[in-house]
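Quick notes on the structure that follows.
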Amino acid sequence: MLASKSLPTQYSESIFKKHLKSVDKELTGAATVTTAKTDIGLSTLDITCADVKVTAMKSNLQNGSIPPTTNNNNNNQNINNIKAKMNDTTSTPNFVSGHPDLKLENFIRTCVDEIIKTAVLAGTNRASKVVEWHAPCELKQLFDFELSAEPETNAKLIELLKATIQYSVKTGHPYFINQLYSGVDVYALIGQWLTDALNPSVYTYEVAPIFTLMEETVLAEMRRIVGYPNDGYGDGIFCPGGSIANGYGISCARYKYAPETKKRGLLGGKQLIIFTSEDAHYSVEKLAMFMGFGSDNVCKIATNKLGKMDTEDLERKVKQYINDGARPLMVSATAGTTVLGAFDDLNSIANICEKYEMWLHADAAWGGGALVSKKYRHLLKGIERADSVTWNPHKLLTASQQCSTFLTRHKDILSSCHSTNATYLFQKDKFYDTSYDTGDKHIQCGRRADVYKFWFMWKAKGTNGLEEHVNRAFEMSEYITELIRARPGFELVLERPECTNVSFWYIPPSLRNMERGDLFNEKLNAIAPKIKEGMIKKGSMMITYQPLRQIPNFFRLVLQNSSLTQEDMKYFLDEIESLGCNL
């Protein structure tokens, strides 16, 4: 039976109040109630208060301790009645607790062992499938998605866990090259498991002392790697994804140059304009809409043939908005675009931002990992001049999802911009240094300890290990670029990719002698989707494709898994050719 079908659909009075009336009557005689009946009338019982009373009563009963009252005989009888009801397994379903104890130890170990065996080890084995594909209508029949009124057995739950792994995409598989994340880092995985077990919320030092200090350490080191002066002076925060980190950049820019908007909002002031490239991540526009700027106030700057922002077009449009009476607010540059992996000229953009007093935000969510490499950090030359930076360790550095950071050179702007001084959480008269209560500077309340997975991985590998990892990913991208260049039927979109994004077409024999033009582009546009369909249904690999402006669909291979080999690079091209040669 579905969970919803076990509940009444119509009633004249709250079912919770009816239940709590009877509970309250029993507890009134069994415990000292200092509040008069006139203060808490049974007909208007406060549900929260009653829940507290029930919880406290159950705890006292289980511990064998009941507060003394004036009528011991009645108390004892009421206590016995309540104990009997709590232990009665015939009239009501058993209460199922998720709290870990010795009875659940075997279940926990069985589940964890299955995850390690099937998801972590088998799921990353080259001999296994990347995905066992089923259409939505099929998957609904194969998997039990429904929620029921009665609890499932542990055996059924284990079967559901196995099925979840079976039908999920194995994003840690070496042949999953579909997104800007892949691979499984064992140290990051262990770190994530630990924080899930501890379940902290990183907003005050008192509830997350280790993670609060750890964030401070990791963010400071990342700022030093970015190149911020004065030993990485500034601030930062771990965010729920790079999109939100980009939103922090917009928020801080608004506060820096229009601080009155914190109280008054955007109405009544000058029109504030955000500039970003036409190849930038969609989150810049999306967060601008979310924050009330409106998409019309996000100006898209043209890119050159390499995918880099055209700085001449940028300055021309900045001047145009100034002449129209608007206030150019910020530029969101990109260090590693999503599709082509292009790095904007940060120094040239910084010059323009300084000239027109604009905030410079560098979205290095993808390309930021190159900063740890002495060989490739030149790609982000000038990033130390940015007012703020987005950098996602869960991308090029392969920390587990999600692990995103926002870094800024401005020490106090996060607090000034976002604080509301909620006294129920951020009391200033605590017994410790409350400057470590960081929660008021971010827009969340509850916040995961995403720092730990990255810190634990960093500790295990050292900065030198992270550098070797990044260098390996770049070397494999350079190797497959040369393979594509030399292989008949394959053509590069960019002859010299900057990042580990390698974009290319596969042209089947049926199109190779065809004249290039609109008809050719139309036919070529249909090739990549058909090949993608074939590999997904076969489970052999996953690689994404997309168009770009007037360019027909092409494959985008992204590399950040440093366990990949030259043989894997050959496999990718062989598999694409085998699936597309007859199209």
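Residues of region 207-238 that are under 15 Å from S415 (Cα atoms) and open to solvent by less than 10 Å² (accessible area, probe 1.4 Å): G234, G236, I237, F238. Could you list, in sequence order, the residues of region 140-167 that are part of a loop (DSSP other than H, G, I, E, B) and either touching a Pro at 6+ places or on another chain (Cβ under 9 Å) or without any contact (Cβ under 8 Å) to a residue 40 or more places away in the chain (or both)? Residues satisfying the conditions are F143, D144, F145, A149, E150, P151, E152, T153.
For region 170-206, how many residues are among the acidic types (D, E), more than 29 Å from S373 (Cβ to Cβ) and either open to solvent by less than 70 Å² (accessible area, probe 1.4 Å) or touching a helix residue (DSSP H, G or I) at 6+ places or on another chain (Cβ under 8 Å) (or both)?
Residues flagged as among the acidic types (D, E), more than 29 Å from S373 (Cβ to Cβ) and either open to solvent by less than 70 Å² (accessible area, probe 1.4 Å) or touching a helix residue (DSSP H, G or I) at 6+ places or on another chain (Cβ under 8 Å) (or both) within region 170-206 amount to 0.
For region 258-299, a residue qualifies if it is farther than 19 Å from E315 by Cβ, in contact with a Cys (Cβ under 9 Å, 6 or more places away or on another chain) and of a type outside the set (K, R), and exactly one does: P259.
Restricting attention to region 472-493, the residues that are open to solvent by less than 70 Å² (accessible area, probe 1.4 Å) and either over 25 Å from the mean Cα position of the chain (by Cα) or among the aromatic types (F, W, Y) (or both) total 14.
Condition check ((1) open to solvent by 10 Å² or more (accessible area, probe 1.4 Å); (2) closer than 21 Å to F406 by Cα; (3) not aromatic (F, W, Y)) across all residues:
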position: S277; (1), (2), (3): no, yes, yes
position: S283; (1), (2), (3): no, yes, yes
position: D296; (1), (2), (3): yes, no, yes
position: E315; (1), (2), (3): yes, no, yes
position: N323; (1), (2), (3): yes, no, yes
position: A364; (1), (2), (3): no, yes, yes
position: Y376; (1), (2), (3): yes, no, no
position: K381; (1), (2), (3): yes, yes, yes
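Determine, yes or no, whether T438 is of a type in the set (S, T, Y), buried (at least 16 other Cβ atoms within 10 Å of the Cβ), modelled with pLDDT under 95 and farther than 26 Å from K317 by Cβ. When the stated conditions are applied, T438 passes them.
Taking region 387-499 as the region of interest, none of the strands (runs of 3 or more DSSP E) fully inside it holds 3 or more residues being within 30 Å of M569 (Cβ to Cβ) and of a type in the set (S, T, Y).
In region 410-428, is there at least one residue being within 30 Å of N561 (Cβ to Cβ), modelled with pLDDT of 95 or more and open to solvent by 20 Å² or more (accessible area, probe 1.4 Å)? No: region 410-428 contains no residue that is within 30 Å of N561 (Cβ to Cβ), modelled with pLDDT of 95 or more and open to solvent by 20 Å² or more (accessible area, probe 1.4 Å).
Let's see how each residue does on (1) more than 18 Å from S182 (Cα to Cα); (2) in contact with a strand residue (DSSP E or B) (Cβ under 8 Å, 6 or more places away or on another chain):
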position	(1), (2)
A399	no, no
R409	yes, yes
D412	yes, yes
S435	yes, no
C445	yes, no
F456	yes, no
T463	yes, no
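The values are calculated or read from the model by the stated rules, or taken from the named source; none is laboratory data. These numbers come from a predicted model, not from an experiment. Cβ sites come from the backbone with ideal geometry, for glycine too, and all protein chains shown count toward neighbours. Only protein heavy atoms, including side chains, enter the accessible area calculation; ligands, DNA and RNA are left aside. Shrake-Rupley method; radii C 1.70, N 1.55, O 1.52, S 1.80 Å.
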